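A.B. asks: Dropping the structure in here first, questions after.
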Amino acid sequence: MPYQAEYIWLDGNEPTQQLRSKTKIVPNEVSELPIWGFDGSSTNQATGEHSDCVLKPVFTCPDPLRGGKNVLVMCEVLDADTMKPHATNTRAAAAKVAKKYAKYEMWFGLEQEYTMLRADGTPLGFPEGGGFPGPQGPYYCGVGTDRIQGRDIVEIHTQACLDAGLSISGTNAEVMPGQWEFQIGPLGVLEVSDQLQIARWLLHRIAEDFDIIISLDAKPVKGDWNGAGCHTNFSTNEMRNAYAPIDAACKAIGKKWELHVKNYGHDIESRLTGLHETAPWNKFSYGVSDRGASIRIPWQVKKDGKGYAEDRRPNGNCDPYVVTRLITDTVCSDAAAG
Ligand code: ADP
Ligand code: MN
Ligand code: MN
Ligand code: MN
């Protein structure tokens, strides 16, 4: 029996690339998934006269929604003429840096926050037709109808990630009503990023069945409402064995704070205001247990004298290939320089 392979890629949408996918029917006897193509003129990746783009499978997992032999396939986009990475392909650059610094054994844990919206754009938990719910406080990790919205989607999504074999490490309800988080990791640069993209795709897809929109926007509601981040936990093998390399890594990132912030997702200034458990976007700091710092070193890490650090700045709408590449490049080049 032929089976279905869902080829997933990132389009050329500005300012934030969006997920796209289409289904290939694969004969049972095919042993390796082939490259495929799509119309780049419909995804802001090519012009109409010269429209073909190439999909190169890079990560495959079981499709937990279709079941059976069906699979999900994360792809890189290549230019059809040159068969080189397309301008919108940020994974290729991440692959190079991951290879260059492989001996540091970088691990990442990504905390993906997101907001569930009704079809009219209002967040779940906010009154239909306008207005606001009670102020933030009771919603984070809450339970009960007056505090929690959308848990049915979260339950299905979490089990789907597990069934797909993804390294999902937890979920929680967030500070703003309708806002949730799941974590992927710890895994290497490419693994964590590919898995996050698949997990995002599954979330969007599952929410379709509930007529709910998943927003990764950094600040979906202005004012006294938390934004959505993608806290990025990271460690080298040296950081997992001693404290000094953790301190050095934070300092190295501090020296390049602006390069990092500019690449941590669209509309980051709206989210990193210095309020709502954030540091101001233009003022770098790091500290133990400090949720108002750019980078937090967990209390337990300080106590153990080894472990990891958490860059709290990346947005929910960040590109994980860009974020993990930058952190790897900055931390490992500094470590290599001694
Ligand atoms: P928080 O307390 O900030 O909410 P979470 O529990 O949501 O933290 O997320 C922490 C993430 O860090 C998890 O995805 C976890 O797998 C990851 N993590 C744990 N240890 C390491 C490590 N040594 N290096 C990188 N990531 C790690
Ligand atoms: Mn978390
Ligand atoms: Mn969170
Ligand atoms: Mn966190």
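The values are calculated or read from the model by the stated rules, or taken from the named source; none is laboratory data. Just so we're clear, the structure is a prediction, and the values are computed from it rather than from any experiment. Every residue, glycine among them, receives a Cβ derived from its backbone with ideal geometry; neighbour counts consider all protein chains shown. Ligands, DNA and RNA are excluded from the accessible area calculation, which covers all protein heavy atoms including side chains. Shrake-Rupley method; radii C 1.70, N 1.55, O 1.52, S 1.80 Å.
A.B. asks: Hey, can you tell me all the residues within segment 43-80 that are of a type in the set (D, E, K, R) and more than 22 Å from residue 322 (Cα to Cα)?
C.D. replies: Scanning segment 43-80 gives 49, 52, 63, 66, 69.
A.B. asks: Are there any strands (runs of 3 or more DSSP E) wholly within segment 196-302 with 3 or more residues that are away from ligand 4 (no atom under 16 Å from the Cβ), and if so which?
C.D. replies: Those strands (runs of 3 or more DSSP E) span 213-215.
A.B. asks: Could you tell me how many of the residues in segment 276-291 are open to solvent by 20 Å² or more (accessible area, probe 1.4 Å) and free of Cβ contacts under 8 Å to residues at least 40 places away in the same chain? Working first, answer last.
C.D. replies: Going through segment 276-291, the residues open to solvent by 20 Å² or more (accessible area, probe 1.4 Å) turn out to be 276-277, 280-286, 288-291.
From the residues that got through so far, the ones that are free of Cβ contacts under 8 Å to residues at least 40 places away in the same chain too are 280-286, 288-291.
Final tally of qualifying residues: 11.
A.B. asks: Still on this structure: With crowded, with 22+ Cβ neighbours inside 10 Å and within 14 Å of ligand 1 (Cβ to nearest atom) as the only criterion, which of 313, 271 stands out?
C.D. replies: 313 is the lone residue from the list that is crowded, with 22+ Cβ neighbours inside 10 Å and within 14 Å of ligand 1 (Cβ to nearest atom).
A.B. asks: Taking residue 294, is it of a type in the set (S, T, N, Q), surrounded by fewer than 14 Cβ atoms within 10 Å (Cβ to Cβ) and touching a Phe, Trp or Tyr at 6+ places or on another chain (Cβ under 6 Å)? Show your work before the answer.
C.D. replies: On the way: of a type in the set (S, T, N, Q): yes; surrounded by fewer than 14 Cβ atoms within 10 Å (Cβ to Cβ): no; touching a Phe, Trp or Tyr at 6+ places or on another chain (Cβ under 6 Å): yes.
So residue 294 fails the test.
A.B. asks: For the list (1) open to solvent by 30 Å² or more (accessible area, probe 1.4 Å); (2) away from ligand 1 (no atom under 16 Å from the Cβ); (3) touching a strand residue (DSSP E or B) at 6+ places or on another chain (Cβ under 7 Å); (4) not charged (D, E, K, R), I need the number of the one condition that residue 207 fails.
C.D. replies: That leaves (1) as the condition not met.
A.B. asks: Then there's this: From the set of residues in segment 164-183 that are more than 16 Å from ligand 4 (Cβ to nearest atom) and farther than 16 Å from residue 214 by Cβ, which is surrounded by the most Cβ atoms within 10 Å (Cβ to Cβ)?
C.D. replies: Applying the filter and picking the extreme gives 166.
A.B. asks: Looking at segment 219-266 only, could you name the residues that are open to solvent by 10 Å² or more (accessible area, probe 1.4 Å), without any contact (Cβ under 8 Å) to a residue 60 or more places away in the chain and over 20 Å from residue 308 (Cβ atoms)?
C.D. replies: 219, 222, 223, 258, 262
A.B. asks: Looking at this structure, is residue 283 out of contact with any strand residue (DSSP E or B) (no Cβ under 9 Å at 6 or more places or on another chain) and among the basic types (Lys, Arg)?
C.D. replies: yes
A.B. asks: Let me ask you something else. Can you tell me which residues in segment 303-316 are part of a loop (DSSP other than H, G, I, E, B), within 15 Å of ligand 3 (Cβ to nearest atom) and touching a helix residue (DSSP H, G or I) at 6+ places or on another chain (Cβ under 9 Å)?
C.D. replies: Matches in segment 303-316: 313, 314, 316.
A.B. asks: If you check every pair at least six apart or on different chains, which have Cβ atoms under 7 Å apart with a residue in segment 315-334 that is within 15 Å of residue 15 (Cβ to Cβ) first and a residue that is open to solvent by 10 Å² or more (accessible area, probe 1.4 Å) and hydroxyl-bearing (Ser, Thr, Tyr) second?
C.D. replies: Within 7 Å, the pairs are 317/16; 319/90; 322/90.
A.B. asks: Given the residues 161, 141, which is the only one that is within 16 Å of ligand 3 (Cβ to nearest atom) and either open to solvent by 50 Å² or more (accessible area, probe 1.4 Å) or closer than 23 Å to residue 108 by Cα (or both)?
C.D. replies: 141
A.B. asks: Please identify the pairs in which a residue from segment 3-20 that is closer than 24 Å to residue 262 by Cβ has its Cβ atom under 9 Å from the Cβ atom of a residue that is among the hydrophobic types (A, V, I, L, M, F, W, C) and outside any strand (DSSP E or B), counting only partners at least 6 apart or on another chain.
C.D. replies: Qualifying pairs under 9 Å: 12/46; 12/87; 16/216; 16/318; 19/201.
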